[in-house]
Amino acid sequence: MIKKKIEDICNRQVEREGYSSSLYIAMASWAENNGYPGIALWLYSQAEEEKLHMLKFIKYINERGGKATIPAFKKPVAEYKSVENVFTEVLKHEEFVTDSINEIVGLTLEEKDFNTHNFLQWFVFEQVEEEASVRTIIDKIRLVGNNNMYQFDKDIFSLRTPAVNAQVNP
Ligand SMILES: [Fe+2]
Ligand SMILES: [Fe+2]
């Protein structure tokens, strides 16, 4: 049976993963409206992944005898200055999520909840990958410059792993 403290903090993460999904959909929609279909696809597929992260937490809490709560999500920002601005916001958000996951890991050690500690390891690895992939994208954007987004928009999918590309572009 999951302890109340751990249940609560995992439910907090349900909200954060779900909000990540909403945020990336809002960014994808901005990209679509501003002539960047490749970037939009990247963000939509990222939003799908975040939904799966939320579901992982929901299922885990319920599996351990807790009760997952499905929250309301705050409205994400819909306007961005540039593609670079979108991705620096993505990175900021992913760093926030990494801190959030690490805080839960810390609590599982304090509470000696080794099951949840083990469950979280997937997320610990995932955050390293997510931050690294966004940093690579920001480096590329700075390399080509904000006014050369046409080719970048076409190329962005090559920065994804083949498995994700196949999911979105079957
Ligand atoms: Fe996530
Ligand atoms: Fe993420």
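Listed values, structure above:
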item: Residues located in the range 3-48, provided they are touching a Ser or Thr at 6+ places or on another chain (Cβ under 7 Å) and among the small types (Gly, Ala, Ser); result: Ala47
item: Members of the range 88-97 that are within 13 Å of ligand 2 (Cβ to nearest atom) and touching a helix residue (DSSP H, G or I) at 6+ places or on another chain (Cβ under 9 Å); result: Glu89, Val90, Leu91, His93, Glu94, Glu95, Phe96, Val97
item: Neighbours by Cβ (under 8 Å, 6+ apart or cross-chain): first from the range 47-76, free of Cβ contacts under 8 Å to residues at least 12 places away in the same chain; second crowded, with 17+ Cβ neighbours inside 10 Å and part of a loop (DSSP other than H, G, I, E, B); result: Lys59/Ala68; Asn62/Ala68
item: Index of the failed condition, Lys112 passing every other in (1) closer than 27 Å to Asn11 by Cβ; (2) part of a helix (DSSP H, G or I); result: (2)
item: Looking only at the range 39-79, and only at residues there that are in a helix (DSSP H, G or I) and aromatic (Phe, Trp, Tyr), the one that is nearest to ligand 1 (Cβ to nearest atom); result: Phe57
item: Subset of the range 108-118 (residues that are of a type outside the set (D, E, K, R) and buried (at least 19 other Cβ atoms within 10 Å of the Cβ)); result: Thr108, Thr116
item: Which listed residue is surrounded by fewer than 19 Cβ atoms within 10 Å (Cβ to Cβ) and either closer than 22 Å to Asp139 by Cβ or out of contact with any Ser or Thr (no Cβ under 9 Å at 6 or more places or on another chain) (or both), from Lys92, Lys51; result: Lys92
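Here, each number is a calculation from the coordinates, and none is a lab measurement. Keep in mind that this is a model prediction, so the values were computed, not measured. Cβ coordinates were reconstructed from backbone atoms using ideal geometry, including for glycine residues, and neighbour counts include every protein chain displayed.
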